[in-house]
Structure formats: C-alpha cells, structure tokens
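Undergrad: Here it is, the structure, as structure tokens.
The values are calculated or read from the model by the stated rules, or taken from the named source; none is laboratory data. Keep in mind that this is a model prediction, so the values were computed, not measured. Every residue, glycine as well, gets a Cβ built from its backbone with ideal geometry; the counts of neighbours run over all protein chains shown.
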Amino acid sequence: MTTLPITPSQTVGPFFAYGLTAHQYGYDFNSLVEGELVNPIVHSAELIYVSGQILDGNGQPVSDAMIECWQADGQGQYNTQPIAYPTDQSSFIGFGRLGTGTTRTNQFTFTTIKPGATAPDSAPHINVILFLRGSLRTLYTRLYFADEPEANEQDALLRSVEPERRTTLIATKSKDGHYQFNIRLQGSDETVFFDL
Amino acid sequence: MEPNIVEPDKPATHSGLSPSVPLSNHPLHLSPEYKSTILRSPTRPLMLVPDQMKNLRMPVFGDSCLGALDNDLTKNARKNGEPIGERIKIAGRVLDASGRPLPNVLVEIWQANAAGRYIHKAEIHDAPLDPNFLGAGRLLTDAEGRYSFYTIKPGAYPWGNHYNAWRPNHIHFSVIGPHLDQRLITQMYFPGDPLFAYDPIFQSVPKHARELLIAKFSMDWTEPEFALAYEFNIVLNGRNQTPFE
Ligand SMILES: [Fe+2]
C-alpha cells in the first residue's frame, strides 16, 4: 500500500476571522456553522450554554483562538446528515465554531444540549478542537460535565488520565444550564490535550 | 497528477525523539523562533488515545453550503470592479496517507490581497485594501477528492515576530477530513520564495517535510490568456489499520 507523506500543519494565524468565522465578527461573508449546535427554538427546554476562555502561559485570555465543538445528540448519536445552509432547517447540528475575539473578555459561549453517552463506558462529552495564533498544530481535548459524577467515574478515557489532571477536562456548572470550561495552554493546571 | 512525494534527505533530528520514533511531518508544538508558541504551546506530553477516538466521524457538509462564487475569490467580493493583482488558479486533491481520494471534504481558504494586506480589522500593515477582494473562499472536494480555486496571488507582509520579519506569500487552508484526526489547518506557499529561509513559521516544519507545503507550478493546468496554475495536494492522516467504512 502506498504511504503518502502527511501534509504538515501550520498555525491558523491571527487573521482567520473573515474566512472561518466571518458572520460572528461582522465580515461580509456567510458562515456555515456558528456557536449554536442546535436550533434553540426546537430545543428551548433543554438548552445548555458552555462558556470559557483560552488562557496562555501567563494566564492571559487569548483573543485570537478558534474553537470547534463536535458532539452527539441527546441519544448519544452523532449527526450523520449533511449540514445544510442556512442551518435552521436542521434541529440538531452537533458542530459549532467560535472565535474568541468577539467579546471584551475573550469568552466563547456555545449554545447546545447535553449530549447522551455514546457508549456504555463513555460519559457525556463534547469533542473540542482548538486553533490559535502561536499554536502550530491542531489541539484536541474533551469537555465532560461536572454534574455527571457517576458517568465520569466510569468513562474509559477519563479514567486513563492521571487523577490530578482529570478536572482540566470537566466543565463546572455555574448555574442551571450554564457550564464553564476554561482551556489552559500551560501551567500547573494545564489542560490535557490528546495525541491524534 | 501524482501527489508530492518527498524523500527525507537525511533523518531529521526532532529534538527529544529517539531515532526509532517515526518522524512526524508536523512542527513541534514549541518552536521558540516563532515567539508566540512560547506561551501558547502545551508543555506536558500529549495523551495517547485509542484508535476508536481518532476514527470518530466528523460532520459532513451539503451542497447547499456552497455559494456559486465561493471558490472564486476573484469574483466573490466584487463591489465596483475586478480585484487588483495576478489572477491564479490553485488546484489539487485531498487524499489520505493511503492514497485514497477524500470526496466531499470542506476546504476553506483565506489570504492577504496582492498588496500583502488582510481585510482583518486587527491588521495594521500599511498597505492598501482592495475594495473588490475579501480573500476568503471555500468548496467541497469532488468525488475524486479534487478541488480548484481562482484567486489573486497574495503579497508578502511584515509581522512583529522579530526585526524586519516578513511572511512569505501564502494561502491559509482549513480542511475538515472525514475523521477526527483529519482536521488540518495549514498554509500553502509558492515555489522559490526568498523568504523561506527567514520565516520561523515555515521553518517550524521539519526540514524533510517543508517541500510538502510548497505548491508546484503547473503548465498543464495554466489557462491560456487567463491564469497561471499551481498544484497543491493535501494528504491527511491515513487509515492503514482500519477498514474503510
Ligand atoms: Fe497569513
């Protein structure tokens, strides 16, 4: 079997917004996906909000990162239907993308529903993909939910993380329906990133 | 057209890795010459994960996502005329490392205009904006993994990394492959750029793999009286172990 050399990764750089996240930054180009992973009207009763910051080695929020979320629906099924544009015809998208440069505090906030478990040994989680100026490669991590302690206890991937670092993958609940998930690129509580 | 194949000229020294570790084509996370990596790259080893996680299917996008001019950056932002600069065609294929073409892959690009100016609001380089050029486009690969854009050749631009720092001409690419480990963002460069030797972002790639980021001029695809063409193939992680679904 032929093996072709993999195309090397490069940084997303500081100027991605008018291409990858144009609408939320106010550029004159449409965006296929944004911060809503579901149709908020269809799912109004079960909406959750996931907010956070990306923090650099000095604890400073990063203003030019792009974060993508990919998750299963409430039954633990990933969306296999093609994403359409405009998206409002589809009630569950499962994929979202936000830049961190649109708010003063560089917070992102995704609007979604809590995913169902995708396997018996897997707790509800969101796959998180992160790009930023100063990062030369795709960064992968996962977001689990603090109010799922029993499921988290059984989660195969979480169990394979050193116990003292597990909390870096768990979003805290700030109030009903609101979760906080900060990603720390460095430091004593550096987020666990995966080797994919 | 066959994808670029690069023979490593000699085993590169990727610091910290023993020679028995297969060489990665990717940059290290920390590449201190590119100063922003110093506070923004993970310091702990990345955690190994099961193949099942790498194989997770990514979202797919439908044809309704594409506007008629989304892959023609010379036309998709015209206000009162044509954009200034050298019209070019960028084309190629998206494949996995086993050589399988990857159809229906979302490829998004963004770039500076011919003067080396990005339309991004945070850009402060003193070069003119072009009212008829945005510099962003997208498409889905066809059944054979092929793609093709028309655009304007981007100019070089200065940046603040060090004294007299200039980026080589480049186009940014974002690619969402079918599996989680096939999410790639990269930059495509042009042949023979004198700035390669001075650019810490280009130089962050291990030496044996740098050529993979340089498009090849293609006379075959050059369109008479219209546009020079460059070929740039993108190879994502392969699935040698896993049967294709
Ligand atoms: Fe750039």
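Undergrad: Being under 18 Å from B:His120 (Cα atoms) and in a strand (DSSP E or B) is the filter here, so list the residues in segment B:145-164 that pass it.
TA: B:Thr151, B:Ile152, B:Tyr157, B:Pro158, B:Trp159
Undergrad: Surrounded by 14 or more Cβ atoms within 10 Å (Cβ to Cβ), among the hydrophobic types (A, V, I, L, M, F, W, C) and within 16 Å of the ligand (Cβ to nearest atom): does that describe A:Phe29?
TA: Considered against the rule, which asks whether it is surrounded by 14 or more Cβ atoms within 10 Å (Cβ to Cβ), among the hydrophobic types (A, V, I, L, M, F, W, C) and within 16 Å of the ligand (Cβ to nearest atom), A:Phe29 comes out as no.
Undergrad: Hey, which of the strands (runs of 3 or more DSSP E) in segment B:184-237, taking only ones fully inside, have at least 2 residues that are at pLDDT 95 or above and not β-branched (Val, Ile, Thr)?
TA: Because the criterion is at least 2 residues that are at pLDDT 95 or above and not β-branched (Val, Ile, Thr), the strands (runs of 3 or more DSSP E) in segment B:184-237 that meet it are B:216-223, B:227-231.
Undergrad: Of the residues in segment A:58-92, how many are buried (at least 16 other Cβ atoms within 10 Å of the Cβ) and under 21 Å from A:Arg133 (Cβ atoms)?
TA: Selection size over segment A:58-92: 9.
Undergrad: May I ask you to say which residue of A:Phe145, A:Phe193, A:Phe95 is more than 10 Å from every other protein chain (Cβ to nearest Cβ) and either on the phi > 0 side of the Ramachandran plot or surrounded by 15 or more Cβ atoms within 10 Å (Cβ to Cβ) (or both)?
TA: Of the residues listed, the single one that is more than 10 Å from every other protein chain (Cβ to nearest Cβ) and either on the phi > 0 side of the Ramachandran plot or surrounded by 15 or more Cβ atoms within 10 Å (Cβ to Cβ) (or both) is A:Phe145.
Undergrad: Out of all the residues in segment A:101-121, which are among the aliphatic types (A, V, I, L, M) and in a strand (DSSP E or B)?
TA: Result: A:Ile113, single match.
Undergrad: Additional query: Kindly establish whether B:Ala156 is modelled with pLDDT of 95 or more, out of contact with any Asp or Glu (no Cβ under 6 Å at 6 or more places or on another chain), away from chain A (no Cβ under 12 Å) and within 11 Å of the ligand (Cβ to nearest atom). Before the answer, list the steps.
TA: Working: modelled with pLDDT of 95 or more: yes; out of contact with any Asp or Glu (no Cβ under 6 Å at 6 or more places or on another chain): yes; away from chain A (no Cβ under 12 Å): yes; within 11 Å of the ligand (Cβ to nearest atom): yes.
Considered against the rule, which asks whether it is modelled with pLDDT of 95 or more, out of contact with any Asp or Glu (no Cβ under 6 Å at 6 or more places or on another chain), away from chain A (no Cβ under 12 Å) and within 11 Å of the ligand (Cβ to nearest atom), B:Ala156 comes out as yes.
Undergrad: Let me ask something else. Which residues, counting only those in segment A:168-196, are hydroxyl-bearing (Ser, Thr, Tyr) and within 16 Å of the chain's Cα centre (by Cα)?
TA: Those that are hydroxyl-bearing (Ser, Thr, Tyr) and within 16 Å of the chain's Cα centre (by Cα): A:Thr168, A:Thr172, A:Tyr179, A:Thr191.
Undergrad: Any idea which of B:Asp142, B:Asp181, B:Asp130 is part of a loop (DSSP other than H, G, I, E, B) and within 19 Å of the chain's Cα centre (by Cα)? Give the steps one after another, and end with the answer.
TA: Numbers: B:Asp181 fails: part of a loop (DSSP other than H, G, I, E, B); B:Asp130 fails: within 19 Å of the chain's Cα centre (by Cα).
Residue meeting the stated conditions: B:Asp142.
Undergrad: Looking at segment B:140-153 only, could you name the residues that are of a type in the set (Lys, Arg) and within 16 Å of the ligand (Cβ to nearest atom)?
TA: If the condition is that a residue be of a type in the set (Lys, Arg) and within 16 Å of the ligand (Cβ to nearest atom), then B:Lys153 is the only one that fits.
Undergrad: Please work out if A:Ser44 is surrounded by fewer than 20 Cβ atoms within 10 Å (Cβ to Cβ), under 25 Å from A:Val192 (Cβ atoms) and more than 9 Å from every other protein chain (Cβ to nearest Cβ).
TA: no
Undergrad: A further question on this structure: Please go through segment B:105-139 and give me each residue that is without any contact (Cβ under 8 Å) to a residue 60 or more places away in the chain, hydrophobic (A, V, I, L, M, F, W, C) and within 15 Å of the ligand (Cβ to nearest atom), ordered by number.
TA: The answer is B:Ala112, B:Ala114, B:Ala115, B:Ile119, B:Ala122, B:Ile124, B:Ala127.
Undergrad: Another question, then. When B:Asn76 is evaluated against the numbered criteria (1) more than 16 Å from the ligand (Cβ to nearest atom); (2) under 16 Å from the mean Cα position of the chain (by Cα); (3) within 11 Å of chain A (Cβ to nearest Cβ), which criterion, by number, is the only one it fails?
TA: Result: B:Asn76 passes all but (2).
Undergrad: Here are A:Thr80, A:Thr109, A:Thr87, A:Thr118: which of them is among the hydroxyl-bearing types (Ser, Thr, Tyr) and more than 11 Å from chain B (Cβ to nearest Cβ)?
TA: Criteria check complete, one pass: A:Thr109.
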